[in-house]
Amino acid sequence: NAGVTQTPKFQVLKTGQSMTLQCAQDMNHNSMYWYRQDPGMGLRLIYYSASEGTTDKGEVPNGYNVSRLNKREFSLRLESAAPSQTSVYFCASSETPPGTGVNSGANVLTFGAGSRLTVL
Amino acid sequence: AQSVTQPDIHITVSEGASLELRCNYSYGATPYLFWYVQSPGQGLQLLLKYFSGDTLVQGIKGFEAEFKRSQSSFNLRKPSVHWSDAAEYFCAVVHGSSNTGKLIFGQGTTLQVKP
């Protein structure tokens with residue numbers, strides 16, 4: 001199993017350019033997430049999709065949009081990139097939202113390897 | 001709102017020494033708590049989690065964590081650290097309802113292991 005696959009792994013943009021980060025999982029998971037990681041800030045949730053057909057804002061949604069294209073794919077779009085969006089982006093998925101499933105493994109997030117984005 | 005704080009940004013221990021990484025949460029009811037580890041250049045991997053029941057939770061790689069409601073803490077421990085444990089460690093809490101809740105992470109603690 002490939003797990004969670006993110007593309008691209010690296011990207012350099014100029015301020016104002018747009019781009020889409022792609023994420024796909026092959027584990028038949030229902031829930032998917034986009035986080036950004038910045039030094040000293042930990043991981044901050046941008047958007048998430050508890051199930052196919054739903055999306056919700058996380059802690060830091062401004063400047064981003066998402067699309068849950070189907071059960072497998074969850075993309076993150078930057079419409080007009082800003083230097084403040086320079087970060088490492090992680091996609092994750094889980095069979096169920098983290099607050100469900102109690103002691104089963106269904107609520108454990110599986111992370112992709114990350115996408116490093118630099119905005120000049 | 002639910003939140004989680006890791007007071008120590010960076011910790012250095014000698015190989016073979018014991019380790020304790022601190023995590024404090026803010027939550028009204030019984031929280032769902034996780035510890036994840038991130039090796040350099042990698043994604044995150046689950047170490048252990050607490051939902052209910054026994055307050056001492058065993059995880060992978062010899063790690064354990066203890067949930068203490070009176071102290072609002074979920075500290076991660078290991079009796080003897082190995083050089084391969086050098087990584088960044090994140091505590092996380094579920095925010096929101098059980099069906100739509102999301103995982104909120106602390107700022108992370110970077111562990112350095114001295115030979």
Inset, instruction - Spot the failing condition for A:S84; the list is (1) within 10 Å of another protein chain (Cβ to nearest Cβ); (2) more than 15 Å from the chain's Cα centre (by Cα); (3) open to solvent by 10 Å² or more (accessible area, probe 1.4 Å); (4) among the polar types (S, T, N, Q), and only one is missed. - result: (1)
Inset, instruction - Please go through region A:56-66 and pick out each residue that is away from chain B (no Cβ under 11 Å) and either assigned to a loop (DSSP other than H, G, I, E, B) or in contact with a Pro (Cβ under 9 Å, 6 or more places away or on another chain) (or both). - result: A:V60, A:P61, A:N62, A:G63
Inset, instruction - State which residue is farthest from the other protein chains (Cβ to nearest Cβ) when the search covers only region B:13-46 and only residues that are in contact (Cβ under 8 Å) with a residue 40 or more places away in the chain and under 12 Å from B:E88 (Cα atoms). - result: B:L21
Inset, instruction - Those residues that are open to solvent by 60 Å² or more (accessible area, probe 1.4 Å), at positive phi and assigned to a helix (DSSP H, G or I), I need them from region B:7-62; list them, please. - result: B:K61
Inset, instruction - Considering each of A:F90, A:F74 in turn, give the residue that is open to solvent by less than 20 Å² (accessible area, probe 1.4 Å) and within 16 Å of B:I104 (Cβ to Cβ). - result: A:F90
Legend entry - Checking A:V66 against (1) open to solvent by 20 Å² or more (accessible area, probe 1.4 Å); (2) within 18 Å of A:T110 (Cα to Cα); (3) in contact with a Ser or Thr (Cβ under 6 Å, 6 or more places away or on another chain), the condition it does not meet: (2)
Inset, instruction - Can you give me the number of residues within region A:12-55 that are among the aromatic types (F, W, Y), within 10 Å of chain B (Cβ to nearest Cβ) and open to solvent by less than 10 Å² (accessible area, probe 1.4 Å)? - result: 2
Inset, instruction - Please work out if B:Y27 is of a type in the set (S, T, Y), within 20 Å of A:E59 (Cα to Cα) and at pLDDT 90 or above. - result: no
Legend entry - Filter result for A:Q6 (farther than 22 Å from A:T118 by Cα, within 13 Å of the chain's Cα centre (by Cα) and at pLDDT 95 or above): no
Legend entry - Condition met for B:A92 (open to solvent by less than 60 Å² (accessible area, probe 1.4 Å), small (G, A, S) and more than 14 Å from every other protein chain (Cβ to nearest Cβ)): no
Legend entry - Filter result for A:Y64 (within 15 Å of A:G114 (Cβ to Cβ) and not aliphatic (A, V, I, L, M)): no
Inset, instruction - May I ask you to say which residue of B:L76, B:L33, B:L19 is at pLDDT below 95 and either within 25 Å of A:G105 (Cα to Cα) or touching a Lys or Arg at 6+ places or on another chain (Cβ under 7 Å) (or both)? - result: B:L33
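The values are calculated or read from the model by the stated rules, or taken from the named source; none is laboratory data. Computed from a predicted model, the values in this text were never measured in an experiment. Ideal geometry is used to build each Cβ from the backbone, glycine not excepted, and the neighbour counts take in all protein chains shown. In case anyone asks, the SASA skips ligands and DNA or RNA and just uses the protein heavy atoms, side chains included. Shrake-Rupley method; radii C 1.70, N 1.55, O 1.52, S 1.80 Å.
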